[in-house]
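Asks: One structure is given below, represented as structure tokens, and several questions about it will come after.
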Amino acid sequence: MAEKTSLARGTVLGVAAQVWQLLTALLLYRYIFTRLGPAGFGQWRVTLSVLNYVEMLVVGGLVQVAAKRLAEDPDNAPTIERGGYLAQMILAGLLFAALEASAGLIATALRAPYLESLIRIAALDIPVVAAFMIAGHLELGRQHFSRQVAGMFVYATAKFVAIGVLVWVGFSVPGALIGNALASIVGFAVLFVPWKGTGVRMRAVVDEARGMGLASVPFLAQSLISGISSDADLWFVQAMRGSAAAGFYGAAAALAEIPTFLFAALSRVLFPSVAKAGAENDEDLVARYASQGVRLALLVTVLGVAVICATGGTALVLVYYKPSAAVAAVPFAILMVAAAGRTVRGTCTDVMMARGQRREALTIVIAMTIVEVVLLSVATPALGQIGAAAALAAGTAACLVLRELLGWRVVWTVLRASAAAAIVGAGLALLHPSRLWLIPAYVVAALAYALLLRLFGEIDQDDINSLRRAVASAE
């Protein structure tokens, strides 16, 4: 379990864990939507969006710096581990206090005073998820991908059980929020490794924590800014259209986040791997990791856009088991375009941050966030859910930086993937599969898409060999 593993195997295992989290999350979404109705679902999703925005600062940033430090300097592991925990828990304590203190102001800004108590309950997850995330990222820094993935499997399962049971016994939205914290406790218990090494000086630990804190500032700034574009659309819909509208919109947005969610596994593995290769001055390996990571993100997300444009309404009814959910089909398709751009943009900025291009990465994030917020403030009052989704789709313009970052290879990937996805999407639209046949239709569509990519020359022998090595190493 603790053996070091390759980037390929780590990505395969990480995606497997993300798929399990995705499946359990979809089951929870369906259950809560049907049990609590669109308004209750909307309250839960909006409260979680506020929590998730704050937790971006403990889920990313400092933990990435800790993983990078451990990958670059494994001989100094005892000090790095203790320093990472110290810095992370100080940050978590400050964030917990800040969210508790500002819950009333946030609820007022969202024009939903009843959310204040829910936000206070949700804040309980901050300290425990902070401990869980630093434990997991230290395992990534050691390149113990298997152990980190095991923790994510347990965490997803615990969340599914805890939230499901608490809602079922009648605790409603507060119970669903408490379930988050319980799952984080379980995940931390699985991933925590007792500290080894003796004679570690507290002064060295404090210095390490301070150094990590300073090094994480660009990452934290990136999280704060990019988090606005991730959640602002739902906040605008809540403030201007109410919880019921936010429930339908949140239902579509939750499914549209699938590409971003799945590729969180790639980013977690890619970042320390690029950092390690860079520390060893292996620029060829850095370029290889970056190119394959971004190309993979493009290939998957472009297919997702085509599939949802063709079958979005049916997919919403399948997941939420309510015909009324289909009213969000148009925002759903537009949100998939936005999610594709966000996934690719996130992968690019992660690579740039790992390569030390922090100013360039932050410039991209800041510029796109400003554009999206301005468009949201204009489009949401006028067009409601469709306007909010369309404003986010402007984020796909960030893909224009790809050629400068990775060369013309990735531009050809965009063109070939778009052509293949358009053919597959047109076929799905013509067939118009029912709910019962939707999943088999998706499987056939994915196979047809892969065949078209092969015929177009996008998937070459090097990609096939990499896939074979990944599958073989995961066995």
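Asks: Between Asp75 and Trp195, what length comes free when the chain is fully extended (0.36 nm per residue of separation minus the Cα-Cα distance, one decimal in nm)?
Replies: 41.8 nm
Asks: Please list Phe192, Phe219 from largest to smallest accessible area, probe radius 1.4 Å, with all protein chains kept in place.
Replies: Of Phe192, Phe219, the descending order of accessible area is Phe192, Phe219.
Asks: Identify, among Ser117, Gly136, Gly170, the residue whose Cα sits farthest towards the positive end of the charge dipole of the stretch 91-237, taking +1 on the Cβ of Lys and Arg and -1 on the Cβ of Asp and Glu, with the dipole about the Cα centre.
Replies: Looking along the dipole axis, the top candidate is Gly136.
Asks: Largest first, how would Tyr155, Tyr31 line up by accessible area (1.4 Å probe)?
Replies: Largest accessible area first, the list is Tyr31, Tyr155.
Asks: Moving on. Say each of Leu23 and Val217 gets a label point 7 Å from the Cα, pointing the same way as Cα to Cβ; how far apart are those two points in nm?
Replies: Output for this residue pair reads 4.5 nm.
Asks: With a ≥ b ≥ c the root eigenvalues of the C-alpha gyration tensor of the stretch 108-191, is it rounded (a/c under 1.5), prolate (a/b larger than b/c) or oblate?
Replies: oblate
Asks: Another question, if that's okay. Take each of the peptides 112-119, 227-234, 38-45, average the number of other beta-carbon atoms within 10 Å over its residues, and list them starting from the highest.
Replies: Put in order of decreasing packing, that is 38-45, 227-234, 112-119.
Asks: Once fully extended, how much extra length lies between Ile370 and Ala239, figured as 0.36 nm per residue of separation less the alpha-carbon to alpha-carbon distance?
Replies: So the chain would gain 45.2 nm between Ile370 and Ala239.
Asks: Another question, if that's okay. Students often check this: by mean Cβ neighbours within 10 Å, which of 57-63, 415-421 ranks highest, and how do the rest follow?
Replies: Result, highest mean Cβ count within 10 Å first: 57-63, 415-421.
Asks: Largest first, what is the accessible-area ranking of Leu26, Leu51 with a 1.4 Å probe?
Replies: Sorted descending by solvent-accessible area, the residues read Leu26, Leu51.
Asks: At R0 = 30 Å, how high is the FRET efficiency between Ala97 and Val161 if r is their beta carbon distance? Nearest 0.05 is fine.
Replies: Given R0 = 30 Å and the Cβ-Cβ separation, E is 0.50.
Asks: How far apart, in nm, are two points set 7 Å out from the Cα along the Cα-to-Cβ line at Arg210 and at Leu383?
Replies: Each label point lies 7 Å from its Cα, and together they span 5.2 nm.
Asks: Using a probe radius of 1.4 Å on heavy atoms only, what accessible surface per residue do you get for the stretch 151-235? Whole Å² is fine.
Replies: I get 46 Å² per residue for this part.
Asks: Would you kindly state how much longer the chain becomes between Thr34 and Phe171 on full extension, computed as 0.36 nm times their sequence separation minus their alpha carbon distance, in nm to one decimal?
Replies: Extra length available between Thr34 and Phe171 comes to 47.8 nm.
Asks: Further, regarding this structure: Between Tyr321 and Arg359, with labels modelled 7 Å along Cα→Cβ, what's the label distance in nm to one decimal, could you check?
Replies: With each label placed 7 Å out from Cα toward Cβ, I get 5.5 nm.
The values are calculated or read from the model by the stated rules, or taken from the named source; none is laboratory data. Values in this document were obtained by computation on a predicted structure and should not be read as measured data. Positions of Cβ are backbone-derived with ideal geometry, glycine not excepted, and every protein chain shown enters the neighbour counts. The area values use the complete protein model at the heavy-atom level, side chains included, leaving out ligands, DNA and RNA. Shrake-Rupley method; radii C 1.70, N 1.55, O 1.52, S 1.80 Å.
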